[in-house]
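Engineer: One structure, as structure tokens, below. Some questions next.
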Amino acid sequence: MELDNLYQEVILDHYKRPQNKKLATIFDAQVHHVNPSCGDEIDLNLLIKNEVVTSITWDGVGCSISQASVSILTDLLIGKSITEAYAIHDNFVTLMQSKGAFSGDESVLEDAIAFAGVSKYPARIKCALLGWMAFKDASVQAQANLN
Ligand code: ZN
């Protein structure tokens with residue numbers, strides 16, 4: 001798989017120095033997601049306060065793409081309103097499902113734009129999306145718990 005060097009560096013940097021990779025004990029929702037086709041697994045804890053994503057923490061094992069993607073997600077979404085977080089989530093999912101046709105909006109996706117090239121590799125798309133699916137699942141559960 002050939003990715004742009006700069007993008008590859010962003011992914012490897014997050015893989016080697018993952019952000020928020022330590023499950024917090026205070027959370028509204030806790031999920032466990034797996035990507036059996038690659039063997040990636042993550043646990044993700046989410047805390048939402050006053051409609052703001054207050055904490056996303058995780059632990060996991062798997063390939064560099066799956067682990068870097070969830071690390072970048074935490075950097076990007078913590079501190080955002082749930083509405084903003086969903087907009088970023090939707091943008092990322094659209095990018096991943098574009099088969100390379102959509103280059104992504106860097107002003108929205110920031111470091112997550114590094115995965116743009118991954119959308120051309122069907123086998124790796126689930127790796128990149130794992131953390132994002134876990135976040136969405138956790139956010140739905142968290143909001144159900146609040147109501
Ligand atoms: Zn993987």
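The values are calculated or read from the model by the stated rules, or taken from the named source; none is laboratory data. Remember, predicted model here, so these are calculated numbers, not experimental data. Because the Cβ atoms are built from the backbone with ideal geometry, glycine has one as well, and the counts that use them run over all protein chains shown.
Engineer: Could you list, in sequence order, all residues of the range 48-91 that are of a type in the set (A, V, I, L, M, F, W, C) and more than 16 Å from the ligand (Cβ to nearest atom)?
Structural biologist: First, pick out the residues of the range 48-91 that are of a type in the set (A, V, I, L, M, F, W, C): 48, 52-53, 56, 58, 61, 63, 65, 68, 70, 72-73, 76-78, 82, 85, 87-88.
The answer is 48, 52, 53, 56, 76, 77, 78, 82, 85, 87, 88.
Engineer: Does residue 69 fit the bill of being touching a Gly at 6+ places or on another chain (Cβ under 6 Å), within 22 Å of residue 6 (Cα to Cα) and of a type in the set (S, T, N, Q)? Break it down stepwise before answering.
Structural biologist: Values: touching a Gly at 6+ places or on another chain (Cβ under 6 Å): yes; within 22 Å of residue 6 (Cα to Cα): yes; of a type in the set (S, T, N, Q): yes.
So residue 69 passes the test.
Engineer: What about residue 116, is it more than 16 Å from the ligand (Cβ to nearest atom), over 28 Å from residue 49 (Cβ atoms) and part of a helix (DSSP H, G or I)?
Structural biologist: Yes: the conditions hold for residue 116.
Engineer: Check 111, 59 and return the single one that is closer than 19 Å to residue 134 by Cβ and in contact (Cβ under 8 Å) with a residue 40 or more places away in the chain. I'd like the intermediate steps shown before the answer.
Structural biologist: Working: 59 fails: in contact (Cβ under 8 Å) with a residue 40 or more places away in the chain.
One residue alone meets the criteria, 111.
Engineer: Here are some conditions: (1) small (Gly, Ala, Ser); (2) more than 15 Å from residue 129 (Cβ to Cβ); (3) not in a helix (DSSP H, G or I). Residue 87 meets all but one. Which one does it not meet?
Structural biologist: All conditions are met except number (3).
Engineer: Would you tally the residues in the range 120-138 being within 16 Å of the ligand (Cβ to nearest atom) and at pLDDT 90 or above?
Structural biologist: Taking the range 120-138 first, the residues within 16 Å of the ligand (Cβ to nearest atom) are 120-134.
Those still in the list that are at pLDDT 90 or above too: 124-134.
Result for the range 120-138: 11.
Engineer: Another one. For the structure I just gave you, tell me whether residue 11 is within 14 Å of the chain's Cα centre (by Cα), surrounded by 16 or more Cβ atoms within 10 Å (Cβ to Cβ) and in a helix (DSSP H, G or I).
Structural biologist: Working: within 14 Å of the chain's Cα centre (by Cα): yes; surrounded by 16 or more Cβ atoms within 10 Å (Cβ to Cβ): yes; in a helix (DSSP H, G or I): yes.
Against the criterion (within 14 Å of the chain's Cα centre (by Cα), surrounded by 16 or more Cβ atoms within 10 Å (Cβ to Cβ) and in a helix (DSSP H, G or I)), residue 11 qualifies.
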